[in-house]
Amino acid sequence: MPLHVHLLLLLLFATSLPSCVNSSSCAGRDDAAIVAAAFRYVHNFRAPRAKAACQPVRELRLPSRNLTGAVSWTALANLTALAALDLSGNALQGAIPGRFWRAPSLRAVDVSRNQLGGALRVEEPNPRLQSLNVSGNRFTGVDGVEGLSGLVALDVSANRIRAVPRGLRRLARVKRLDLSSNAMQGRFPGDLPPLGGVRSLNVSYNRFSGVVDTGAVAKFGHSAFVHAGNASSLVFSDNSTAAPRRPRPSSPPGPSPLGKSKKKGGSGTTTTRRGKRRRHLSIVAVAVICGVVSLAMLLCLVGCVACGALRCRRRQKGGKDDEEKKEKAQWSEKGDEEEDVVVVAARGASSAAPVVLFERPLMQLTLGDLAAATSGFGRESQLAERGGRSGAAYRAVLPGDLHVVVRVVEGAVAGLREDDDNPAAAATAFRELARLRHPNILPLLGYCIAGKEKLLLYEYMEKGDLHRWLHELPAGRPDMDDTAGSGDIWEAAEVKRSISDWPTRHRIALGVARGLAFLHQGWAGGGGSAVVHGHLVPTNVLLCDDLEPRISDFFGHNHNGNATPEGDVYGFGVLVLELMTGQAGWDEASVSWARGIIRDGKGLDIVDPRVRDEAAAGAEAEAADREMVECLRVGYLCTAHSPDKRPTMQQVVGVLKDIRAAPPTTPRPGS
């Protein structure tokens, strides 16, 4: 080869080296930027140190780091080298979009023990993913799991999934499968992958129907099927699907065994002796069994007599206290995770306790009617706990198609002490609460007093609470196209409204401020006593059909000796910060962080990007940005460290009204 050709090749190789180095360096820097963007709205996040400079991110393991907020999953999908993701044991919220699974190198994902919710959808197939653990969250459904055809281990336990994931039975490579603690409905084993290749299985605490054979119980253990379904729908069979035993081959034609035995030594009588011995042993066995059965029957009889005598003695000693304990025990039930649930006794004399409905005084209802409307205050009627101060809540439909929430009262109410058993005092306290009527206050519809048990009846708000709309619904706005065919109740097709736009969030903030100002000022033109809420959080702000807010979970004045109006103002300020940033899990440190950004004039940097994306372009967008920054300043003022520097809620209402003036009217053509 000529010399000038060699020189040309060397020159080309040398010029290519800087390009390769720069490309590698840029790839490393790009991954770091992607991780930072993905965890931008996650509190307590600290970027892990890279093992080598400019090395692409292959593993991201942040278990039990007290992370709170929402991850940008779509950004994480851009990590082309990411193979393992572990975010377990944190308090992350929001939904995982279906586009996350397109990450090309993803092999293992563990997001267990968080607060993730919504439907877990897989929009783009990823046959490379081998392990997925989403247990201990709030997922309500799994759709498109057949797109993860390479799964070897799948754990969706301890969620709120009510149906077997579609396509689950097509996962032929699954070795470990855990569907427990979901109240999941489906057919066993028809809706599951082929059990021949499954090594570990758990379907306990669900609502399966079908037949479980002894082979499955022997392989996976009894614990895998504890409360897996109702006795009438899930049947355990000894030989329903077990392989039939092969019959012993019959003797071939030819000389009889007796003739053969004579040839071998004249022991033809051996067979007869063995037959007699077997019959003798059979008779002895039958006698022993009969004796054992007789002894067991005798012991049972003695036990019954002893129990009857003991019960009579207890009735004579215990009296009314034992009867009440027995009553409550018959109506209490245990949760899926063995947590006690507050249940009301509604049998015997207490079932006749009247229900008072303020707006329907002619409706004659009793505690027994409430028990019937809530399936005996059962788990299927209980609403999910949302961090409130009161006891368990149950949904009920009363005559006249009246949808209500029946809430068990725990603690003091409107000046009534927790240990106050005076029914008259309780009735007075409840009537005082019922006088609180305002468009932004959840009204008390009625009450029931049955001995020590006290129940309050509120209007049922189908749209749920503000926390759900901010952090659990995908992007805060159900998409009609994305939810088609999905059975998720949170993404039902009839829900068409959104809280992703700035006007709606401003209206929510203003409505909550008006309701809280009403409580602080008292009712009836100032003639009533002032009410301090004491626990204003997004889970206690319910939304009407038009997304107008209503404050709930308040119990009148002096509910908490440490609660003050200034404390309510601080809680409202934190709520505004959460409403405007879209971030959850606020504490003193995160409030200080947000206040510093607002004080530096950079509040727009922490505004929820979903809200900014909804804003129109041009001058309207600039006006919306200014209004959102002003709303953040309201949160800043309300969270002042010194209580005497915080504004009153009536002042807050005035400021919020001035922030967003009424939009100008469009002139008619020709005017």
Task: Close pairs from segment 566-593: first open to solvent by 10 Å² or more (accessible area, probe 1.4 Å), partner among the basic types (Lys, Arg), Cβ under 6 Å, at least 6 apart - done: 566/646
Open item on the list: Restricting to segment 134-154, give me the number of residues that are open to solvent by less than 10 Å² (accessible area, probe 1.4 Å) and touching a residue at least 60 places away in the same chain (Cβ under 8 Å).
Closed with: 0
Task: segment 113-132, subset assigned to a loop (DSSP other than H, G, I, E, B) and within 12 Å of the chain's Cα centre (by Cα), residue surrounded by the most Cβ atoms within 10 Å (Cβ to Cβ) - done: 114
Open item on the list: Just to be sure I understand, how many residues within segment 75-91 are more than 13 Å from residue 104 (Cα to Cα) and either more than 25 Å from the chain's Cα centre (by Cα) or of a type in the set (S, T, N, Q) (or both)?
Closed with: 2
TODO: Might you check whether a residue that is under 33 Å from the mean Cα position of the chain (by Cα), crowded, with 21+ Cβ neighbours inside 10 Å and touching a residue at least 24 places away in the same chain (Cβ under 8 Å) occurs anywhere in segment 611-619?
DONE: yes
- [ ] Give the number of residues within segment 592-604 that are under 15 Å from residue 622 (Cα atoms) and either among the hydrophobic types (A, V, I, L, M, F, W, C) or assigned to a helix (DSSP H, G or I) (or both).
- [x] 2
Task: Selection count, segment 91-112, where residues are part of a loop (DSSP other than H, G, I, E, B) and open to solvent by less than 20 Å² (accessible area, probe 1.4 Å) - done: 5
Task: Among residues of segment 457-479, those that are in a helix (DSSP H, G or I), at pLDDT 70 or above and not hydrophobic (A, V, I, L, M, F, W, C), counted - done: 4
Open item on the list: So residue 349 ticks every box in (1) closer than 30 Å to residue 227 by Cα; (2) modelled with pLDDT under 70; (3) open to solvent by 60 Å² or more (accessible area, probe 1.4 Å) but one. Which box is left unticked?
Closed with: (1)
Task: Residue within segment 605-622 that is basic (Lys, Arg) and not in a helix (DSSP H, G or I) present - done: no
Open item on the list: Go through (1) open to solvent by 30 Å² or more (accessible area, probe 1.4 Å); (2) within 17 Å of residue 513 (Cα to Cα) for residue 642 and report which single condition fails.
Closed with: (2)
Open item on the list: Being out of contact with any Ser or Thr (no Cβ under 9 Å at 6 or more places or on another chain) and buried (at least 22 other Cβ atoms within 10 Å of the Cβ) is the requirement here; does residue 164 meet it?
Closed with: yes
TODO: Please go through segment 562-589 and pick out each residue that is farther than 21 Å from residue 612 by Cα and in contact with a Ser or Thr (Cβ under 8 Å, 6 or more places away or on another chain).
DONE: 565, 569, 570, 585
TODO: Check off (1) surrounded by fewer than 21 Cβ atoms within 10 Å (Cβ to Cβ); (2) in contact with a strand residue (DSSP E or B) (Cβ under 9 Å, 6 or more places away or on another chain); (3) not β-branched (Val, Ile, Thr) for residue 172 and give me the number that stays unchecked.
DONE: (2)
- [ ] Name the one entry in 197, 210, 136, 190 that is of a type in the set (Gly, Ala, Ser) and part of a strand (DSSP E or B).
- [x] 210
Open item on the list: Of the conditions (1) touching a Gly at 6+ places or on another chain (Cβ under 9 Å); (2) in a loop (DSSP other than H, G, I, E, B), residue 81 satisfies every one except a single condition; which number is it?
Closed with: (1)
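The values are calculated or read from the model by the stated rules, or taken from the named source; none is laboratory data. Just so it is clear, the structure is predicted and the values come from calculations on it, not from any experiment. Every residue, glycine as well, gets a Cβ built from its backbone with ideal geometry; the counts of neighbours run over all protein chains shown. Each accessible area value is taken on the protein alone, full model and side chains, heavy atoms only, with ligands, DNA and RNA left out. Shrake-Rupley method; radii C 1.70, N 1.55, O 1.52, S 1.80 Å.
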